1. Kindly write out, for the stretch 282-289 in residue order, the coupling ³J(HN,Hα) from the Karplus curve 6.51 cos²θ - 1.76 cosθ + 1.60 (θ = phi - 60°), rounded to whole Hz, with x marking Gly and Pro.
2. Under a 5 Å amide H to amide H cut-off, with H placed in plane at 1.01 Å, what residues pair with residue 262 once short-range neighbours are removed?
3. Leaving out ligands and nucleic acids, note down the accessible area per residue over the stretch 250-352 with a 1.4 angstrom probe, in whole Å².
4. Using only the alpha carbons, work out the radius of gyration and Dmax of the chain in angstrom.
5. Say R0 is 56 Å: what FRET efficiency, to the nearest 0.05, do residue 85 and residue 340 get from their beta-carbon distance?
6. How large, in percent, is the carbon and sulfur part of the accessible surface of the chain at a probe radius of 1.4 Å?
7. Count of lysine pairs in the chain with Cα atoms under 25 Å apart, counting only pairs 8 or more residues apart in sequence or on different chains?
8. Would you calculate the separation in nanometres between label points at residue 35 and residue 13, each defined as 7 Å from the Cα along the Cα-to-beta-carbon direction?
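The values are calculated or read from the model by the stated rules, or taken from the named source; none is laboratory data. Quick caveat, the model's predicted, so the values are computed rather than measured. Every residue, glycine as well, gets a Cβ built from its backbone with ideal geometry; the counts of neighbours run over all protein chains shown. To get the accessible areas, we keep the full protein, side chains included, count just its heavy atoms, and leave off ligands, DNA and RNA. Shrake-Rupley method; radii C 1.70, N 1.55, O 1.52, S 1.80 Å.
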Amino acid sequence: MNTNVRTAYELERHSHEIVERACTKLLAEHAEIGQRFGEDARLVWTDHLHQRLLELSSALSADDPNLFTDRLAWSRAAMNARGISSDDLDNCLDVLRAVIAEHLEDESGSRVLSCIDQAISSLATQGKPLDPFLDPGIELDRLALHYIQTVVAGNVLPGMQLVLDAVAHGVAVQDAFIRVLLPAQKEVGRLWHLNELSVSEEHLVSQTTQRLMTALANQAERKADNGLTAIAGAVAGNIHDIGIRAIAYLLELDGWRTLYLGSDVPQVELPNTVDAYKADVLLLSVALTTQLQATSRAIELVRRQSVYPVKILLGGNALAEHPGLWREIGADGYAADAQSALDTALELVTGL
Ligand code: B12
C-alpha cells in the first residue's frame, strides 16, 4: 500500500468522527445555515460533508487533486441550481479542512490539506459549462429530445413508440441505442443537475430507457456467433448500469456470447466468474471517483486469482476526464463510449 492510499484509508476510517465534528462546527459558526435549513440542517450537511470526504479520499488515493476539483465543481453547480449559495459550500470546505487539520496532525494530515488546497485553487479557475448534449437541428437528437419530453409528460408508451417507429422506419437498432437513448440519458442527467428535472422524472426516463433497450435488443437481428465471450457489469458500489447494459446488448448483437451481471458486482465474485465462463473480456463500468478503489481491487483480484487470461476493459464517467487513470489502476484498456467499447473489446482479444 503506498503512502497516499494509506492516508486515504485513515481518512475513511475516521470519516464518521470527522464529519460529525465538521458539521457541528459548521452549524455553530454559521447559525444562518441552521436557520435556513431548519431541522433538516444536520442531516443535509452531514450527508454533504461525508460525500466530499469520500471524494477527497479517492483523489488522494489516486494522487490527483483534480479528481476532487471536479467533484467540487459538480456539487457547486448542482447546489447553486437548487438555491444553495457558494458561500455555504466554501464554509463547509473550510470547516472540513480545519477538522482534518486537528485530526490528522502528522505528515499524512499535511498531504490531505495540500490535496484540498490544490483542489480549491484549481476550482477558482474552473468554470464547468453545462451545455445541452442534444442539438434539435440533428434528426436523431431531435428524436431523443422528443422521447424525453413525451415520457416526462407522463406518456410512457407513446414515448417508447417514437423510438420503436424510428427503428421500424429504418434507424438501425445500434443507432437507436448509441445516438438516441444513451444521449437522452446524458441530457436527463444535465437537466437534473440544473434542477430542471426532478429525481422522479429522471427515474421515469431511466426506467423507460431500460425497458426500451431490452425490447429493441430482443427483436434485433444478431450477427453469427464470433466465438468470443464477454462478461459485463458495474463495479461494487456502482448502481449506474444503463451504459454498460447497452454495451452488453450491443456486443451480443455483434455476435459475442455476453454475460451481463448488472450493477454493484462484488469484486470477490469476479475471478471465479471469469474462469467459469472462460471470459475473453471483462468489461467494468465505474461511474463515480469514489468507486475507483473498488475497481482497482477488482482488477487486482482477477489478476491474482483468475486462471483464464482475460482482458480487462474499463469505462464510465469516473475515468472520462482523467486520461491514463485506467492504466494506472491496472486495466488493459479504456473506452469512452459504446461504439469504442465494441471496437476496443475486439481489438484487445483479436489484435484487430
Ligand atoms: C440515471 C442516473 C442515475 C440512476 C441510475 C439508474 C441505473 N439503473 O443506471 C440513479 C438515480 C440510481 C443514480 C444515482 C446516482 N447518481 Co446518477 N446519473 C444518472 C444519469 C442521469 C444517467 C446515467 C446513464 O444512463 N448514462 C447514460 C450512459 C450513456 O452514460 P454512461 O453511464 O457514462 O456510459 C457511457 C460511457 O461512460 C461508456 N461506459 C460506461 N460504462 C462503461 C464500461 C466499459 C467497460 C466501457 C468500455 C465503456 C463504458 O459507454 C457508455 C455509453 O456511451 C447520469 C447522467 C450522465 N451524464 O450519465 C447521472 C450521473 C452519472 N449520476 C451522478 C450522481 C452524482 C449520482 C449519485 C451520487 C446521486 C446521489 N447524490 O445520490 C447517485 C450514485 C449512485 C451510485 N452509488 O452509483 C452524476 C455523476 C457525476 C460524477 N461524475 O461524479 C451524473 C453524471 C449526473 C450529473 N449530471 O451530475 N443516477
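1. Once rounded to whole Hz, the list reads 10, 9, 10, 9, 10, 8, 10, 4.
2. So residue 262 has HN proximity to 234.
3. Per-residue accessible area for the stretch 250-352 comes out at 46 Å².
4. Calculated on Cα positions, Rg and Dmax stand at 22.0, 66 Å.
5. 0.90
6. Accessible surface attributable to carbon and sulfur in the chain totals 51 percent.
7. Details: 128/186; 223/278; 223/311; 278/311.
Here the count comes out as 4.
8. 4.2 nm
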